[in-house]
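Below is one structure; the comments refer to it alone.
The values are calculated or read from the model by the stated rules, or taken from the named source; none is laboratory data. Only a predicted model underlies this, so the values are computations on that prediction, with no experimental measurement involved. Note that we place each Cβ from the backbone using ideal geometry, even for glycine, and neighbour counts take in every protein chain shown. The area values use the complete protein model at the heavy-atom level, side chains included, leaving out ligands, DNA and RNA. Shrake-Rupley method; radii C 1.70, N 1.55, O 1.52, S 1.80 Å.
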Amino acid sequence: MKLIIANWKMNPDNSLEAKELFRFFDDIESDNEVVICPPFAFLGLAPERTVLGGQNCFWKKEGSFTGEVSPLMLKDMGCRYVIIGHSERRDIFGENNEIINKKIKAVLEAGIIPILCVGEKKGDNANRVVVRQLEKGLEGIDSSNVIIAYEPVWAIGTGDFCSPEKADEIRKIIKEKVKSKILYGGSVNSKNVKSYIDKGFDGVLVGGASLKKEEFVSLVKNA
Ligand code: PGA
């Protein structure tokens, strides 16, 4: 069983459309586990059997932290997973490896499964960046409880996906460091998804294609 994580990011911009997407994806028949990560505001709109994930959370359980959401709240809303350290969180919201490490610990304590995103920017040494993100992000954590998503930043939302061969090189490096399941993310679509699975990835993290009804259904079927 492969894991297909749909990261809707801050989309769609209204609840009617969110409901329509949920309803459409509720009908997908697949042996793979499909996880929908909608914006927090739409978590409560998901049909009963949708497997849900959060896109982020804070590391505290509750308290005076305006605008934040705790792992326990996500769990209470039915989330089984939560994405931590997505490159947009790192780049736009200034999350560093120390913050990400605290979040992963809090998520595990709450009993949900963290999906840690790692990946290099264009021009970076991929090995070095990924290994550092893993070492710092997972300090003091049993990696077998965490899922890793390798997402080269330059491949996210660009259509310029990482070749399966190159991605596999990094997958092997990650595999030497952790006991986690490993996903690929970055411009995954219905046509390229199988090539990552065939290389040995345990699933994919999908952004743009997870908002297109027919395309996402084909992607899940082709995985
Ligand atoms: P993309 O996004 O599939 O649109 O490249 C992936 C992600 O941001 O997780």
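In table form, for the structure just shown:
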| quantity | calculated |
| --- | --- |
| Search result, residues across the stretch 175-184 that are more than 15 Å from the ligand (Cβ to nearest atom), crowded, with 18+ Cβ neighbours inside 10 Å and either within 17 Å of Val129 (Cα to Cα) or aliphatic (A, V, I, L, M) (or both) | Val178 |
| Hey, Arg23 away from the ligand (no atom under 15 Å from the Cβ), modelled with pLDDT under 95 and open to solvent by 10 Å² or more (accessible area, probe 1.4 Å) or not | no |
| Flag if Glu151 is over 25 Å from Leu72 (Cβ atoms) and within 16 Å of the ligand (Cβ to nearest atom) | yes |
| Lys9 within 16 Å of the ligand (Cβ to nearest atom) and either more than 15 Å from the chain's Cα centre (by Cα) or touching a residue at least 40 places away in the same chain (Cβ under 8 Å) (or both) | yes |
| Lone unmet requirement of (1) within 16 Å of the ligand (Cβ to nearest atom); (2) within 16 Å of the chain's Cα centre (by Cα) for Asp160 | (2) |
| Sole residue being within 16 Å of the ligand (Cβ to nearest atom), touching a helix residue (DSSP H, G or I) at 6+ places or on another chain (Cβ under 7 Å), farther than 15 Å from Ile5 by Cβ and outside any loop (DSSP other than H, G, I, E, B), chosen from Lys166, Lys194, Lys136 | Lys194 |
| Condition broken by Ile156, with the remaining ones in (1) open to solvent by less than 10 Å² (accessible area, probe 1.4 Å); (2) touching a helix residue (DSSP H, G or I) at 6+ places or on another chain (Cβ under 9 Å) satisfied | (1) |
| Odd one out for Ser187, checked against (1) buried (at least 22 other Cβ atoms within 10 Å of the Cβ); (2) polar (S, T, N, Q); (3) near the ligand (Cβ under 10 Å from one of its atoms) | (1) |
| Every residue from the stretch 201-218 that is more than 9 Å from the ligand (Cβ to nearest atom) and crowded, with 22+ Cβ neighbours inside 10 Å | Phe201, Gly203, Phe216 |
